[in-house]
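> Handing you a structure now.
Nothing in this text is a laboratory measurement; each read-out follows from the coordinates by a stated rule. A quick note: this is a predicted structure, and the numbers were derived from the prediction, not measured. Don't worry about glycine lacking a Cβ; one is built from the backbone with ideal geometry, like all the others, and counts go over all protein chains shown.
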Amino acid sequence: MIVAVVLSAGESSRMGRAKALLPIEGKTFIERIVGALKHGGIERIVVVLGFNAEEIRRQIVDLPVEVLVNPDYKLGQLSSLHVAVRHLQAIKDCSGMMVHLVDHPYIDSKLVSVMLERFDDSTYSIVVPRHQGKRGHPVIFSRDLFDELLGAPLDQGAKAVVNAHRDATLEIDVQDAGITLDIDTPELYRQHVKGD
């Protein structure tokens, strides 16, 4: 089983408000992401919160997710991934995780399905979508990389692990620019979300 991990622990300082709760297409970012993951075939979803965790937890109480809180969220994104990895290591039938970021709301359920199929049908340890040569999200990491992720330098993040396993990485070329669209400022939000 691949468990999805949605990272939503940051302070959203550039956006000025919690990105998880921003409206998009009649939903919030987090609702849209969770819906796409579910429709794509993910059975279990973990959301990692940090800054303003209790307020966000109250807002997502009806979503079919497990909530983890990273008390060290100020150490960066990888610290939140560490919280998730330690949690997943205790789940015996977890064969890997699909990592997604809450400020990438344009996740496509069809891509999720394709990534799950390609991971299951291959011996690759990492599966990542690519648009016009640029890698995006979500990313699947095999369970055999969990210890390596826990040992990765906080300042480099998961990219250090991806770069160390180029030969074990499957890149899936997609036409969808949404995989690389990181909406983390009010300007980007107005540009890409308003008028949807």
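> Residue-wise, which Karplus ³J(HN,Hα) couplings in Hz belong to segment 71-80, taking 6.51 cos²θ - 1.76 cosθ + 1.60, θ = phi - 60°, and x for glycine or proline?
Running phi through 6.51 cos²θ - 1.76 cosθ + 1.60 with θ = phi - 60° gives x, 9, 4, 5, 7, x, 4, 5, 5, 6 Hz.
> Divide by every residue of the chain the summed helix terms, -39500 (n - 2.57) for each DSSP H run of at least 4, and state the resulting mean residue ellipticity at 222 nm, rounded to the nearest 500 deg cm²/dmol.
Calculated mean residue ellipticity at 222 nm is -9000 deg cm²/dmol.
> Distance between the C-alpha centers of segment 10-70 and segment 152-184? Whole Å please.
Taking the Cα centre of segment 152-184 as reference, the centre of segment 10-70 is 21 Å away.
> Give the shape of segment 38-90 as rounded, prolate or oblate, defined through the alpha-carbon gyration tensor: a ≥ b ≥ c are the square roots of its eigenvalues, a/c under 1.5 means rounded, and otherwise the shape is prolate if a/b is larger than b/c and oblate if not.
Here segment 38-90 falls in the oblate category.
> For segment 141-196, how big is Rg over Rh, using alpha carbon atoms and the Kirkwood form of Rh?
For segment 141-196, the value is 1.12.
> Still on this model: Taking springs between alpha-carbon atoms closer than 10 angstrom, which of D103, D120, D182 fluctuates most in the Gaussian network model of the chain?
Of D103, D120, D182, the most mobile in the Gaussian network model is D120.
> How would you rank D144, D184, going from fewest to most other Cβ atoms within 10 Å of each one's own Cβ?
Starting with the residue having the fewest Cβ neighbours, the order is D144, D184.
> Among H137, H104, H39, determine the one that fluctuates most according to a GNM of the chain built with springs between C-alpha atoms less than 10 Å apart.
Between H137, H104, H39, it is H39 that shows the largest mean-square fluctuation.
> Only one of the listed values, (1) 1.05; (2) 0.95; (3) 1.19, was derived from the coordinates as Cα Rg over 2.2 N^0.38 Å; which label is it?
(2)
> Can you work out ³J(HN,Hα) from phi for every residue in segment 45-55, in order, using Karplus 6.51 cos²θ - 1.76 cosθ + 1.60 and θ = phi - 60°, giving whole Hz and x for Gly and Pro?
10, 10, 10, 9, 9, x, 5, 6, 4, 5, 5
> Here is a further query. Give me V61, V3, V69 ranked fewest to most by other Cβ atoms within 10 Å of their Cβ, as a rough exposure proxy.
V61, V69, V3
> Hey, fewest Cβ within 10 Å first, where do I126, I140 land in order?
Going from least to most buried by this count: I126, I140.
> Taking the chain as a Gaussian network, Cα atoms linked when under 10 Å apart, which of K110, K92, K159 shows the biggest mean-square fluctuation?
Result for the chain, Cα springs under 10 Å: K92 fluctuates most.
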